[in-house]
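Heads up, the thing below is written out as structure tokens.
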2 protein chains.
Amino acid sequence: MKDVTTFDGLEVGYDVPAVPGMDEADIQTPCLVLDLDALERNIKKMGDWAKEHGVRHRVHGKMHKSVDVAKLQEELGDAVGVCCQKVSEAEVFARGGIKDVLVSNQVRDPAKIDRLARMPKLGARTICCVDDIDNVADLSAAAQKHGTEIECLIEIDCGAGRCGVTTTEAVVEIAKAIDAAPGLKFSGLQAYQGAMQHLDLYEDRKAKIDIAVAMVRDAVEALKAEGLECDIVGGGGTGSYYFEGNSGVYNELQCGSYAFMDADYGRILDKDGNRIDQGEWENALFLLTSVMSHVKPDKAICDAGLKAQSVDSGLPVIYGRDDVEYVKCSDEHGVISDPEGNLEINEKLKLVPGHCDPTCNVHDWYVGVRNGKVEVVWPVSARGKAY
Amino acid sequence: MKDVTTFDGLEVGYDVPAVPGMDEADIQTPCLVLDLDALERNIKKMGDWAKEHGVRHRVHGKMHKSVDVAKLQEELGDAVGVCCQKVSEAEVFARGGIKDVLVSNQVRDPAKIDRLARMPKLGARTICCVDDIDNVADLSAAAQKHGTEIECLIEIDCGAGRCGVTTTEAVVEIAKAIDAAPGLKFSGLQAYQGAMQHLDLYEDRKAKIDIAVAMVRDAVEALKAEGLECDIVGGGGTGSYYFEGNSGVYNELQCGSYAFMDADYGRILDKDGNRIDQGEWENALFLLTSVMSHVKPDKAICDAGLKAQSVDSGLPVIYGRDDVEYVKCSDEHGVISDPEGNLEINEKLKLVPGHCDPTCNVHDWYVGVRNGKVEVVWPVSARGKAY
């Protein structure tokens, strides 16, 4: 029977799932566990790739929402900064000491624009995206009010079907407006093709990115003809970075999931037809869960359900086990098929989440482990920063 | 252009989405909004129903995870206490002043059992479920160690297919073991049929609950023959409470979603074939979102995606609008079909989430509104308490 253990005044099992120095076996479940060796290898590998291919890597902080992971990506992966999707999230990174932060998204609400315009005072280069000329005057007014500079990228919808302009004419028109607006600086293009990242086949992904690259190249050239240089041409994700990185047009990658991996991304295939979680990237993120009921001989119930993960991209996969399968997810329970009756009460299983981003977003902590011991407990610093 | 506004030292747009007294129009999105009038009516209506039918109502706190909402349910709905699914969640309610707390789930991990056994010291009657005779000695040892009493319900799997025993023999065997164990008290049965709550048709739901009631009645009678009385026979949800409440066997309802409603529950039909969100219950919970991009004339992008809601039970529905439809959800964006081009940038929409429980679980705050003004800002007190 364990006693309460505390960490910075927080109680294990109530506030935090673990404390540094604890055996991995004593971590309270359900919780997110990071294999620090695998994480560091993934980070270094992508950093090396970017360096070798002459592109910068602005890591996508919206995936992990962690200042600690972002700093590891700067240290081991030569990341030039982070991108993220919300102003409140960007503020977390800036307050945490990240010096170069891109909100790779539109910022339209007046209160959010005002916060964004104050962000340079936190010591961070502040960049956002624009897809509507009507946004320019508001951004400019806020930057002038606070005596700061907001850098702006024109967002191109190169296939994701969300925000972004779809013509070179619109890119040039908005870029010229930004260039002329006090307090703003035109800094380039944002062109992330999110919709193709999860296509299984390498050639299918390449075909989609070829279209994106053509759109971006056309925009870069048209801007050049107007005397507008792109400091940043950003995009690229875990399923496509080699295309953008080799395009000769993009100069900043924005990969996120490569660092942690997940079951949905893991299934996509590389050039040689191998799953990308079988060689290209390692599973570094796990949702640790415990068996809590096993009344039926062929079915175990675990303690990680919908409040410990997102199942939007499919159910989690049980790591390293082919005798058991996670088959159903309800609010607080997972149903595990255990046809041979192998699982014991309190046995711990490592789940590879279906989709890492929204799964990390429901947790407060990452428990970093190495050699069977808890080494670090990191807050999910920007969890809940959705504004 | 707004300035920073603070609330208890928290910054609006960073820490909190709103402050009391603010106009509803100024709430930062995405965030959860409660229509306080509708919430109070739902709470009172269910409380009145239980009272009229001679059953207690132990509200399901796992739905809202809010001490404030639970207290409103005690005050306006005569709730006798709460049930919830996790020990850490139960501790939040006990620390928050709820005096009667049932963990309607199995507790097996030694550290969790120890925490549970300490819970009575927080001033709360402490009840948990048991479905395995091997659990009894551990619970008893922990209660004796701390000099407390844990009340135990035998959990019957009456169709949900998760935890719980499936035979009356098993119920009686475990109940006798609990009755004989120092520090434990046998208090009755837990029999929640979760799997049928969302069946569309009233008659289909009734058929499933008839089976559950028969199992529970058999167990109650067999226990009585052994001299074991059930103080609590608990179960019943928003889609079934009238069956359990009229069964003559159940004496405690455990409804959760009725208070907030959601799109998935709202679709089920009452006895007369009407949707339950069209008369029986009101939508009191909304996910407020703003339009942030509208480059394509027939498609708007809003700021509430997978990190602001769970889509396990389907996409959200846009409240009060039949001209626009939420058609796609990615991490931070929602795609809204707007065939007539009616939506404006920064226009706010009220989404009815697909599934309230895991949606509330990703937010830190409820913003309670009445007559166009923010009246309260309540923490989602047990958010993240998954241990």
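The values are calculated or read from the model by the stated rules, or taken from the named source; none is laboratory data. All values derive from a computational prediction rather than experimental measurement. Here the Cβ positions follow ideal geometry from the backbone for every residue, glycine too, while neighbour counts run over all protein chains shown. Note: areas computed on protein heavy atoms with side chains; ligands, DNA, RNA excluded. Shrake-Rupley method; radii C 1.70, N 1.55, O 1.52, S 1.80 Å.
Out of (1) open to solvent by 60 Å² or more (accessible area, probe 1.4 Å); (2) touching an Asp or Glu at 6+ places or on another chain (Cβ under 7 Å), what's the single condition that is false for residue A:155? Residue A:155 satisfies every listed condition except (1).
Contact map, the stretch A:301-313: first residue under 13 Å from residue B:387 (Cα atoms) and more than 7 Å from every other protein chain (Cβ to nearest Cβ), second residue small (Gly, Ala, Ser) and part of a loop (DSSP other than H, G, I, E, B), Cβ cut-off under 6 Å, separation 6 or more or different chains; pairs are A:305/A:330.
If you go through the stretch A:62-71 and keep only what is closer than 24 Å to residue A:309 by Cα, open to solvent by 10 Å² or more (accessible area, probe 1.4 Å) and more than 14 Å from chain B (Cβ to nearest Cβ), you end up with A:67, A:68. Looking only at the stretch B:141-152, residues that are open to solvent by 20 Å² or more (accessible area, probe 1.4 Å) and either charged (D, E, K, R) or more than 28 Å from residue B:121 (Cα to Cα) (or both) come to 2 in all. Checked against the criterion of being in contact with a helix residue (DSSP H, G or I) (Cβ under 6 Å, 6 or more places away or on another chain), more than 14 Å from chain B (Cβ to nearest Cβ) and open to solvent by less than 50 Å² (accessible area, probe 1.4 Å), the stretch A:330-346 has no qualifying residue.
Summed over the stretch A:146-170, the residues that are in a helix (DSSP H, G or I), within 13 Å of another protein chain (Cβ to nearest Cβ) and over 24 Å from residue A:114 (Cα atoms) give a count of 2.
Within the stretch A:80-123, being more than 12 Å from chain B (Cβ to nearest Cβ) and part of a loop (DSSP other than H, G, I, E, B) holds for A:80, A:96, A:97, A:98, A:99, A:123.
Residue-by-condition table, conditions (1) open to solvent by less than 50 Å² (accessible area, probe 1.4 Å); (2) more than 14 Å from chain A (Cβ to nearest Cβ); (3) free of Cβ contacts under 8 Å to residues at least 60 places away in the same chain; (4) under 19 Å from residue B:303 (Cα atoms):
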site	(1), (2), (3), (4)
B:12	yes, no, yes, yes
B:19	yes, no, no, no
B:31	yes, no, no, yes
B:38	yes, yes, no, no
B:42	yes, yes, no, no
B:47	yes, yes, yes, no
B:52	no, yes, yes, no
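Quick one: would you say residue A:327 is more than 9 Å from chain B (Cβ to nearest Cβ), free of Cβ contacts under 8 Å to residues at least 24 places away in the same chain, over 19 Å from the mean Cα position of the chain (by Cα) and open to solvent by 50 Å² or more (accessible area, probe 1.4 Å)? Yes, satisfied. Being modelled with pLDDT of 95 or more, open to solvent by less than 20 Å² (accessible area, probe 1.4 Å) and within 14 Å of another protein chain (Cβ to nearest Cβ) holds for only one residue in B:193, B:254, B:197, and it is B:254. The set of residues from the stretch B:351-387 being open to solvent by 10 Å² or more (accessible area, probe 1.4 Å), over 25 Å from residue B:322 (Cα atoms) and small (Gly, Ala, Ser) comprises B:381, B:384, B:386.
Here residue A:369 clears all of (1) touching a helix residue (DSSP H, G or I) at 6+ places or on another chain (Cβ under 6 Å); (2) not in a strand (DSSP E or B) except the condition numbered (2). Could you grab me the full set of residues in the stretch A:257-267 that are assigned to a loop (DSSP other than H, G, I, E, B) and surrounded by 23 or more Cβ atoms within 10 Å (Cβ to Cβ)? A:260, A:261, A:262, listed by residue number.
Among the residues of the stretch B:297-347, write down those that are assigned to a loop (DSSP other than H, G, I, E, B) and polar (S, T, N, Q).
B:309, B:310, B:313, B:330, B:342, B:346
Of all residues in the stretch B:128-138, those that are touching a helix residue (DSSP H, G or I) at 6+ places or on another chain (Cβ under 9 Å), of a type in the set (A, V, I, L, M, F, W, C) and not in a loop (DSSP other than H, G, I, E, B) total 4. Checked against (1) more than 12 Å from chain A (Cβ to nearest Cβ); (2) part of a loop (DSSP other than H, G, I, E, B), residue B:354 meets all criteria but (1). With respect to the conditions (1) more than 14 Å from chain B (Cβ to nearest Cβ); (2) buried (at least 22 other Cβ atoms within 10 Å of the Cβ); (3) farther than 24 Å from residue A:67 by Cα, residue A:322 lacks only one, and its number is (2). For the condition among the β-branched types (Val, Ile, Thr) and closer than 30 Å to residue A:216 by Cβ, residue A:318 does not qualify.
Would you check if residue B:220 is touching a strand residue (DSSP E or B) at 6+ places or on another chain (Cβ under 8 Å) and open to solvent by 30 Å² or more (accessible area, probe 1.4 Å)? Yes; evaluated as a whole, the condition is true for this residue.
Filtering the stretch A:207-232 to residues that are closer than 27 Å to residue A:262 by Cα and in contact with a helix residue (DSSP H, G or I) (Cβ under 6 Å, 6 or more places away or on another chain) leaves A:208, A:209. Between A:176, A:112, A:99, A:86, which is under 19 Å from the mean Cα position of the chain (by Cα), in contact (Cβ under 8 Å) with a residue 40 or more places away in the chain and either closer than 22 Å to residue A:50 by Cβ or open to solvent by 10 Å² or more (accessible area, probe 1.4 Å) (or both)? Answer to the selection: A:86. When residue B:295 is tested against (1) away from chain A (no Cβ under 13 Å); (2) open to solvent by 20 Å² or more (accessible area, probe 1.4 Å); (3) free of Cβ contacts under 8 Å to residues at least 40 places away in the same chain, only condition (1) is not met.
Residue A:59 passes every criterion in (1) more than 14 Å from chain B (Cβ to nearest Cβ); (2) of a type in the set (Val, Ile, Thr); (3) surrounded by fewer than 24 Cβ atoms within 10 Å (Cβ to Cβ) apart from (3). All conditions in (1) open to solvent by less than 10 Å² (accessible area, probe 1.4 Å); (2) within 19 Å of residue B:361 (Cα to Cα) hold for residue B:283, with the sole exception of (1). Within the stretch B:225-245, being open to solvent by 40 Å² or more (accessible area, probe 1.4 Å) and closer than 22 Å to residue B:102 by Cβ holds for B:229, B:231.
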